[in-house]
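Each remark here refers to the structure printed beneath this line.
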Amino acid sequence: MNRAKKIMIVDDDTNICELLRLYIEKDGYDTVIANTGTQAVRLFDQEMPDLIMLDIMLPELDGWQVCREIRKKSPVPIIMLTAKGEVFDKVLGLELGADDYVVKPFEAKEILARIHAVLRRTSSPEESNIKEVEWDKLSINLTNYELKINGVKVDTPPKELELLYHLASKPNRVFTRDQLLDEVWGFDYYGDSRTVDVHVKRLREKIDGVSPKWELKTVWGVGYKFETKE
């Protein structure tokens, strides 16, 4: 199974961390957050992120020191964050191995565009731009919007496919209906939770009983999850 890319956000401002987390997770990535330089180095070894958003002004170890420590052991892409007016030495950043930088305050579109561009540059060709999840007898491809069961393409409306991909790419994680509305339909969607129920019902008509190794499951009183049994 192809897991979602993981982005590490390193900033001592918890509001900025939360804002970045919302932007990035809404775009389909997983996130992990560190608020100090020391914590960032420790979490990097535990979490092995695919990209790091790294603030320069950090307690304990600054962003330059964190970049040096990570570069000793990994080529993971790093995007530096700097506040407007701070001195940012691009030459030093390049020498230390940073891949890009963003100036605060930033907009969501700019952050996501930078992440996409850096990941494209640093991904291998077979990984680049491919969004696909595979489980036993099930393939969900969000690059070309195809659902395949036992290798046979099954016609599926885009939102059903996006919902199934979202659940199946984070197996065994429970999502409330409101979370799914936010993350699949978008923050500006004004429908109600019955929208999710209807889409789950239609998906079950297609995939129920396909494999004993996974199930689109209702968690009563909470929401839904893609449960794996391996």
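Within the accessible surface of the chain, defined with a 1.4 Å probe on protein heavy atoms only, the carbon and sulfur portion equals 50 percent. For the chain, the longest principal axis of the alpha carbon atoms and the long axis of helix 194-207 meet at an angle near 70°.
From the coordinates of this entry, Cα extents along the principal axes in Å is computed, and it appears in (i) 57, 36, 28; (ii) 69, 54, 39; (iii) 71, 47, 43 under the label (i). Note: relative contact order over the chain, using C-alpha pairs below 8 Å and six or more positions apart, is 14 percent. Rolling a 1.4 Å probe over the protein heavy atoms gives the chain an accessible area of 52 Å² per residue.
Summarising the label geometry, the points placed 7 Å from Cα in the beta-carbon direction at Ala108 and Lys137 lie 3.8 nm from one another. The angle separating the long axis of helix 14-26 from the principal Cα axis of greatest extent in the chain is about 40 degrees.
Length gained on full extension, Arg71 to Val174, computed as 0.36 nm times the residue gap minus the Cα-Cα distance: 33.5 nm.
Please sort 70-83, 211-224 by packing, taking for each peptide the average over its residues of neighbouring beta carbons within 10 angstrom, highest first.
70-83, 211-224
The values are calculated or read from the model by the stated rules, or taken from the named source; none is laboratory data. Since the model is a prediction, treat every value here as computed from it, not as a measurement. Glycine gets a Cβ as well: all are built from the backbone with ideal geometry, and neighbour counts include every protein chain shown. The accessibility values were calculated without ligands, DNA or RNA, using every heavy atom of the protein model including side chains. Shrake-Rupley method; radii C 1.70, N 1.55, O 1.52, S 1.80 Å.
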